[in-house]
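The block underneath contains the structure these notes are about, expressed in structure tokens.
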Amino acid sequence: MTDPIRTISPFADRLAAEVRRKRNSLCVGIDPRWERLPTELKRRHGDGTLSAVARAYEEFGARILDVVAKLVPIVKLQSAFFEACGPEGFRAQARLLQRARRLGLMTILDAKRNDIASTAAAYADAAFAGSVFDGQVHPVWQADALTVNPYLGRDAVEPFLQSARRFSGGLFVLVRTSNPGAGQFQDLPCDGKPLYLHVAEAVGAWNRENVGQCGFGDVGAVVGATHPSELAAVRRALGEVWLLLPGYGAQGATADDLAPAFRSDGLGAVVNSSRGILFAYEPDERDWESAVKAATEKTIADLQSTTPMAALARD
């Protein structure tokens, strides 16, 4: 059987190196929405079929990747929007992940997976090391990282850890999410502290199993930037964990809210921005890519001026 192990450095070290090289840790979220696409794309692909929407999403995503590749270290593909287009949507997702790798970008597949036993292993292998049939490894998504829901416990997370580590990949585990109703369960008191801090402790333990030279491990935490006090509490609990921060920009969080998530050298936090960058134009704008580039540069400058990310710009 072909060995799927990638002979590259650990996920955390690769991420740290790319963040330092680009001098920022902005993650551009690829969340295509038909109603917000440029008019020229909708006209060209608007035949009313799911396949046409998938083609539009692929062209849009490819042009976004070309714009941001020299500016940011990592991108996050939101799998739900591609799945909504059916089989052609998944093909578009695969080709965009391949394109991102060719452009030198690291990738997060935002699919929020979890299940048990062989089902979890199938999800995990598809995300990372590849599916195995008759002794042959078939690469599927080959993402650098995958978002995972920890609700089912360690035995359900284990297949994701194993496959990610065979592939030198990483996980981002949901800890304190950015949606308004997150506290319904995540803030429930349990043994004297909210449930999300128990999840954070588990993430910290899993992460310490594989710490890289940069001082961080391969199991990150998803923590909503819309909850600054909880974000600060998670950072205090998880000194060696990369934090993936949704909620900046369109969801209401500011750069000031993000500052506690960073280490003093500017590492430790990956700031996701989707709508604020993807749709920084009016649909009829012809030069919409320039607007996307300007929004990306403005976001980086905002983060560098307000958070410890400034240390990266000084290096």
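Residue-level analysis places residue 229 among those that are surrounded by fewer than 17 Cβ atoms within 10 Å (Cβ to Cβ) and on the phi < 0 side of the Ramachandran plot. A search for C-beta distances below 8 Å between a residue of the range 68-92 that is under 19 Å from residue 16 (Cβ atoms) and any residue that is buried (at least 16 other Cβ atoms within 10 Å of the Cβ) and of a type in the set (Lys, Arg), counting only pairs 6+ apart in sequence or on different chains, returns 71/22; 71/293; 72/22; 73/22. As for the range 29-49, it holds at least one residue that is under 25 Å from residue 301 (Cβ atoms) and assigned to a helix (DSSP H, G or I). Screening 22, 76, 70 for residues that are surrounded by fewer than 18 Cβ atoms within 10 Å (Cβ to Cβ) and modelled with pLDDT of 95 or more leaves exactly one candidate, 70. Evaluated against (1) farther than 26 Å from residue 210 by Cα; (2) of a type outside the set (S, T, N, Q); (3) in contact with a Gly (Cβ under 6 Å, 6 or more places away or on another chain), residue 43 falls short on exactly one condition, (3). Those helices (runs of 4 or more DSSP H) of the range 196-308 in which 1 or more residues are under 21 Å from residue 20 (Cβ atoms) occupy 228-237, 255-258, 288-306. Among the residues making up the range 216-236, those that are modelled with pLDDT of 90 or more, hydrophobic (A, V, I, L, M, F, W, C) and in contact with a Leu (Cβ under 6 Å, 6 or more places away or on another chain) are 219, 221, 222, 223.
Quick one: count up the residues across the range 130-149 that are closer than 22 Å to residue 106 by Cβ, part of a loop (DSSP other than H, G, I, E, B) and of a type outside the set (D, E, K, R). Residues that pass the stated criteria total 7. Checking each residue in the range 70-107 for being more than 21 Å from residue 297 (Cα to Cα) and assigned to a strand (DSSP E or B) picks out only 78. Exactly one residue among 95, 20, 113, 63 is among the basic types (Lys, Arg) and in contact with a strand residue (DSSP E or B) (Cβ under 6 Å, 6 or more places away or on another chain), and that residue is 113.
The values are calculated or read from the model by the stated rules, or taken from the named source; none is laboratory data. On a predicted model such as this, the values are computed, not experimentally measured, just so you know. With ideal geometry, Cβ positions are generated from the backbone for all residues, glycine too; neighbour counts draw on all protein chains shown.
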